[in-house]
1. Taking every DSSP beta bridge with both residues inside the chain, roughly what % is antiparallel (nearest 5)?
2. Just need log10 I(q)/I(0) for segment 2-78 at q = 0.11, 0.16, 0.23, 0.26 Å⁻¹, Debye formula, equal scatterers on the alpha-carbon atoms, no solvent, rounded to two decimals.
3. For segment 33-125, just say rounded, prolate or oblate: build the C-alpha gyration tensor, square-root its eigenvalues into a ≥ b ≥ c, call rounded for a/c under 1.5, and beyond that prolate if a/b exceeds b/c, oblate if not.
4. Using 0.36 nm per residue of separation minus the Cα-Cα distance, give me the extension gain between residue 70 and residue 346 in nm, one decimal.
5. I'd like the orientation of helix 171-186 relative to the chain: the angle between its Cα long axis and the longest Cα principal axis, in ° from 0 to 90, rounded to 10.
6. If R₀ is 45 angstrom, what is the calculated FRET efficiency for the pair residue 110 and residue 291, using the beta carbon separation as r and rounding to 0.05?
7. Provide the three semi-axes, in whole Å and in decreasing order, of the ellipsoid equivalent to the chain as defined by the square roots of 5 times the Cα gyration tensor eigenvalues.
8. What is the extension gain from residue 58 to residue 178, computed as 0.36 nm multiplied by their sequence separation minus the C-alpha to C-alpha distance, in nm to one decimal?
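What follows is calculated from the coordinates using simple rules that are stated; it is not laboratory data. These numbers come from a predicted model, not from an experiment. A quick note on method: Cβ atoms are made from the backbone with ideal geometry, for glycine too, and the neighbour counts reach across all protein chains shown.
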């Protein structure tokens, strides 16, 4: 195997023979096996392609991570990406939209192979581009023309790539970013002063956010408002709020169907309250959130809803709210549910658990425990919140 002699991980490797990509990992990379038996996870690679050259980004005792740079026998599903920075923002731009959907379903089926043998629908609004309502740009000083440019970090590297155009975020965001950076350039400002530029817009296209200066407190931005299933929410541009609102509304509509005629609903990891208040504002509703900023927004969003009770606490420490007659909604971070919470659910056995996850890998782990302890998995579906990326939002419903 020949390679350059650089000792840091950003080195180019040319294997003696092409490495075949067998399948997708749940995290979205193509998986292959090196000659020594070590697993390799490649960005910019599709199943059945051969990797002739790659840029090594991480090396562990049992696997490597890399970016494929030369491909043998390109897949029939491969297409030309729209953006130069696609590997940084949306690495699945390299495949057709149809193949993206098929691949996401296949990944979810594989993860749930021991729990679910029925079809898994993938729901989408059909919009694969210009859907993100939030974007954070790095700043880069281009010495060729002495101008600051919007940029992204190159995947697997500290280097930056200039963003000349972008098809992922709402056009209002990129336009505003260009305006702010143009003003920096007119003032002969320095890119190194700033950590990043964060912008967010609502459905109306109103943009808020701004620059984060290094070694300075983050500024407080003007709140935005959006309506979901008829309920209006206030939220901070740099706080947690869903990125793809049209698809989020599809998921909320389905969650509302699953809640059905439940009289008592517990919404854990509730954020600013968008799930619980959208689907169960007419129920005896308890919403639990630990982040103080999100909780302040939650309190505001609960105003004038007399049967909604916001609680400032960790979800795993609000176990007393889990009752046998309740329907529990879970929307945890990527790490999944805390073990104490899962254990309490198995002990109390609420009538229904509705689990929305941004990481099916950890969702499967939690669902396996619940099924083992007597719950039945009654429905499973996916939502394409993040087209052109490998990320999947999966929705599972369990009943005792």
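1. Roughly 70 percent of the DSSP beta bridges within the chain come out antiparallel.
2. Ignoring solvent entirely, the Cα scatterers give -0.23, -0.50, -1.04, -1.32.
3. Since a/c reaches 1.5 but b/c is at least a/b, the shape of segment 33-125 is classed as oblate.
4. 94.4 nm
5. Between the helix axis and the principal axis of the chain, the angle is about 60 degrees.
6. 0.85
7. The equivalent ellipsoid of the chain has semi-axes of 37, 30, 18 Å.
8. 39.9 nm
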